[in-house]
Amino acid sequence: MTEPAREYRYQVDRDGRVFHDGTEIVDPAVLRFFLRAMTRTDDGRCLVLCQGERNWFEAAGTPFVVQRLRLSVEGSTLQAVELGFPGDYREPLDPRTLETDHDLLFCRIRGGAFRARFGRVAVQQLAPFLSETGDGSVLLMLGAHYPVRRGVPAAS
């Protein structure tokens, strides 16, 4: 008889902090592992498999919250944006994936597999490179205008 896999439940708060049984997980290596290994099940839940254990993640909206940005700027031109997540997990911004929903800013990460929400500090860092047009906001990057799509469904 095969022993059932152990299961753990984690909560992710609005700032992207991860908690297990009320205790915050702060180890950068563990946080990076979780963010890199996370998958979505057929029923839409977030799961990380590790050594035969199932680690389930519950979050309001998305477990991926951009905490800070690394901006590459030459003169006054934004060249590149690197997204910074808990545990110092990093990924480049694909400016074509920017979207807003209820006054929150999002992008797609992990090859489009997940939606990430920009936290307050990350939005403030990006704000100087956002411009309003008659059709909404655009990100000015590499001399191009990337529209920020509006009203995108909340699927993560």
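The values are calculated or read from the model by the stated rules, or taken from the named source; none is laboratory data. Model, not experiment: these values are computed from the prediction. Note that each Cβ is placed from the backbone with ideal geometry, even for glycine, and that neighbours are counted across all protein chains shown.
The residues listed here are Ala127, Ala155; of these, the one that is at pLDDT below 95 and either more than 15 Å from the chain's Cα centre (by Cα) or farther than 20 Å from Leu69 by Cβ (or both) is Ala155.
Against the criterion of being outside the structural domain of His20 (by TED's automatic domain parsing) and on the phi > 0 side of the Ramachandran plot, Leu126 does not qualify. Here Gly52 clears all of (1) of a type in the set (Gly, Ala, Ser); (2) out of contact with any strand residue (DSSP E or B) (no Cβ under 9 Å at 6 or more places or on another chain); (3) under 30 Å from Ala144 (Cβ atoms) except the condition numbered (3). Residue under question is Gly136, and the condition is that it be in contact (Cβ under 8 Å) with a residue 40 or more places away in the chain and not acidic (Asp, Glu); does it hold? Answer is no for this residue. Leu126 meets each of the listed conditions (1) closer than 18 Å to Glu74 by Cα; (2) loosely packed, with under 13 Cβ neighbours inside 10 Å apart from (2). Applying the condition of being farther than 17 Å from Phe114 by Cβ and among the aliphatic types (A, V, I, L, M) to region 1-60 and asking which residue is surrounded by the fewest Cβ atoms within 10 Å (Cβ to Cβ) yields Met1. Would you say Arg45 is within 22 Å of Gln125 (Cβ to Cβ) and basic (Lys, Arg)? It is false that Arg45 is within 22 Å of Gln125 (Cβ to Cβ) and basic (Lys, Arg). Only a single item in (1) small (Gly, Ala, Ser); (2) within 30 Å of Asp103 (Cα to Cα); (3) over 16 Å from the mean Cα position of the chain (by Cα) is not met by Gly52, and it is number (2). Among the residues examined, Phe114 qualifies as surrounded by 14 or more Cβ atoms within 10 Å (Cβ to Cβ), among the hydrophobic types (A, V, I, L, M, F, W, C), under 25 Å from Ala37 (Cβ atoms) and not assigned by TED's automatic domain parsing to the domain that holds Arg14. With respect to the stated conditions, Phe64 fails to be surrounded by 12 or more Cβ atoms within 10 Å (Cβ to Cβ), free of Cβ contacts under 8 Å to residues at least 60 places away in the same chain and in contact with a strand residue (DSSP E or B) (Cβ under 6 Å, 6 or more places away or on another chain). Counting residues in region 73-91 that are among the charged types (D, E, K, R), in contact with a Gly (Cβ under 7 Å, 6 or more places away or on another chain) and surrounded by 16 or more Cβ atoms within 10 Å (Cβ to Cβ) gives zero.
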